[in-house]
Every structure is written in C-alpha cells, then in structure tokens.
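Chemist: One structure coming up, written as structure tokens, with questions to follow.
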Amino acid sequence: MELENDKRLDHIFHALSDSTRREMLRLMAQRDRTVSELAEPFDMSLAAASKHVKVLEHAGLLRRSVQGRTHYCSLDSDTMAQAMKWLSFYEQYWKSRFDALEKALNEPDA
C-alpha cells in the first residue's frame, strides 16, 4: 500500500513540476475548461496542450468528460488534498525548526 502511495505522489509531483500544467490547474480552479481553453493562454498546439492534460489526468489531478468532440476538464481536489497532506507533515517539521530558531535568536547572550 505504501509503495502505491509513493507512486501516486510521484505522478502528482511530476505533473506539478511543470509551470504550464500548474497554470492549467489554476485555470481549472476557477471553472471547468475545455482542452482548447486550457491551450489558449500558451503558445502551443492543441496536441501539445492535450499531452499536458494527459499528464494531469494520469496523476489524477483532473477529470475529463467528453461531450461530442469536446473534452471538458475539471480539477480533482481529492488528489490535490493527498499532496497537501504529504506536504503538511513537512510544514510541521519546518515550523518547529523556525520556532526553535526564533527562540534561540531571542535569548539574551550569556
């Protein structure tokens, strides 16, 4: 089960590593988009945009539905929540480190 979670996180963070895909996710956070609408802000072909969409879909970050010839994409917040859960562990780690640093900096010199 742990290996399956690791592979899932690998796909999620691989998808998030690209600025174009992150922007596509931001656009879908506003509302569902077609693949054409996701491609529009970028200087890329529809085929290139579709490849980015496939990466996001494979990672589980978006769901795609087809109506006729139009592909609609929507954000899958459950998958994003899994990534946030993993990151939150490290957020607590760094918070405790910064708290200790702040305490050390505020201690009067001996």
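The values are calculated or read from the model by the stated rules, or taken from the named source; none is laboratory data. Quick caveat: nothing in here was measured; it's all calculated off a predicted structure. Ideal geometry is used to build each Cβ from the backbone, glycine not excepted, and the neighbour counts take in all protein chains shown.
Chemist: Inspect the stretch 61-78 for any residue being among the aromatic types (Phe, Trp, Tyr) and touching a strand residue (DSSP E or B) at 6+ places or on another chain (Cβ under 7 Å) and give the result as yes or no.
Modeler: Yes, that holds for at least one residue.
Chemist: In addition: Can you name every one of the helices (runs of 4 or more DSSP H) wholly within the stretch 14-110 that holds 3 or more residues which are within 27 Å of residue 4 (Cα to Cα), under 16 Å from the mean Cα position of the chain (by Cα) and at pLDDT 95 or above?
Modeler: Answer list for the stretch 14-110: 19-30, 46-59.
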